[in-house]
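The structure appears below as structure tokens.
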Amino acid sequence: MASTSRGDALPKVQCPNHPDAILVEDYRAGDMICPECGLVVVCLPSPNYPFSIPGDRVIDVGSEWRTFTNEKATKDPSRVGDAQNPLLNGGDLTTMISKGTGAASFDEFGNSKYQNRRTMSSSDRAMLNAFKEISTMADRINLPRNIIDRTNNLFKQVYEQKSLKGRSNDAIASACLYIACRQEGVPRTFKEICAVSRISKKEIGRCFKLILKALETSVDLITTGDFMSRFCSNLGLPKHVQMAATFIARKAVELDLVPGRSPISVAAAAIYMASQASAEKKTQKEIGDIAGVADVTIRQSYRLIYPRAADLFPTDFKFDTPVDKLPQL
């Protein structure tokens, strides 16, 4: 038996003969044993707790079943069920019944006897579908896991606030992905998000503004340097050309040569100028396809920075084509 303390809210399990002894847990039998006398200690009702406490047996925290392999897979075979999802209301601790194939799985009218829809609420089902869509979009543009987690948290906050009623969940998920990319310092353009989603650029932009207002949050302003390394890498340009394009874009902004122009178009024009001055020349169409801007947009930004081209290049840049021989467009 176990002696209890009347002043405590819960009974203290201890050996009545050796109250100071540290009890030993027998995991196989689920018992608490006194190491001094070998007494199996049981938790009995007390005056403060007149009902029996279901603590007579120790909970086994070991594996649900035995495994006979030393191979480490992505999933732990010693645990049952999927990982807990804290973003769902029930922690995603639900039982999913697979669709039956035998005659015992259907009633006399041909309807399935077991339904999964009752095990999950409509809100959890909507969020789960949105999380799957977010994961699919992120995989298409090779985004890391931390951005997916941030996007899921943003979507959950917006969904629970019910501040964007009337907007489709896919549009909200796309806007949340765009916001998460900018907050994590790896911004993507609206066109890149549109390419992996089924939502128009205009609808994503509307949801983007509504989410920022609803959550009372903000995102950092995008700069030309946010896209330069990715655009140059996709174009296959060497490091010195990328550094020159970054310097040109930053210098053009400092000299206020491109007022009102988006950072993406300025970055594309800087890449075009740096590539034309080097041996790795790229056309406007090649750069436009990677940056997601039209050829005419690149030409307009290029014409603004061309008159000061001699002042924009870094001093250690090795010209393959002199500045006065650059295309004037």
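The values are calculated or read from the model by the stated rules, or taken from the named source; none is laboratory data. Given the structure is predicted, the values throughout are model-derived calculations rather than measurements. FYI the Cβ positions are ideal-geometry reconstructions off the backbone, even for glycines, and counts take in every protein chain you see. Heads up: the accessible areas ignore ligands, DNA and RNA and are worked out on the full protein's heavy atoms, side chains in. Shrake-Rupley method; radii C 1.70, N 1.55, O 1.52, S 1.80 Å.
Data for the structure
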| read-out | value |
| --- | --- |
| Approximate spin-label separation residue 18-residue 323, in nm, with each point projected 7 Å along Cα-to-Cβ | 8.9 |
| Rounded FRET efficiency, nearest 0.05, which uses the C-beta distance separating residue 184 from residue 162 and R0 of 22 Å | 0.25 |
| Sites residue 254 and residue 111, calculated FRET efficiency, Cβ-Cβ separation with R0 41 Å, nearest 0.05 | 0.05 |
| Accessible area of the stretch 110-225 divided out per residue, in Å², using a probe of 1.4 angstrom | 55 |
| Among the listed pairs 202/285; 239/318; 191/285; 132/213; 191/281, those beyond 21 Å (Cα-Cα) | 202/285; 132/213; 191/281 |
| Chymotrypsin sites (Phe, Trp or Tyr not before Pro) within the stretch 254-329: DSSP coil, no more than 13 neighbouring Cβ in 10 Å | 319 |
| Neighbour net charge for residue 251 - beta-carbon separation under 15 angstrom, K R +1, D E -1 | -1 |
| Loop sites in the stretch 247-312: trypsin sites (Lys or Arg not before Pro), DSSP, at most 16 other Cβ within 10 Å | 281 |
| Rounded, prolate or oblate (a/c below 1.5 giving rounded, otherwise prolate when a/b exceeds b/c) for the stretch 176-329 by Cα gyration tensor | prolate |
| Three-way shape call for the stretch 160-223 based on the alpha-carbon gyration tensor, with the a/c threshold at 1.5 | oblate |
| Cα gyration tensor, the stretch 243-329 - rounded (a/c under 1.5), prolate or oblate | oblate |
| Gain in span if fully extended, residue 139 to residue 283, counting 0.36 nm per residue against the direct Cα distance | 48.9 nm |
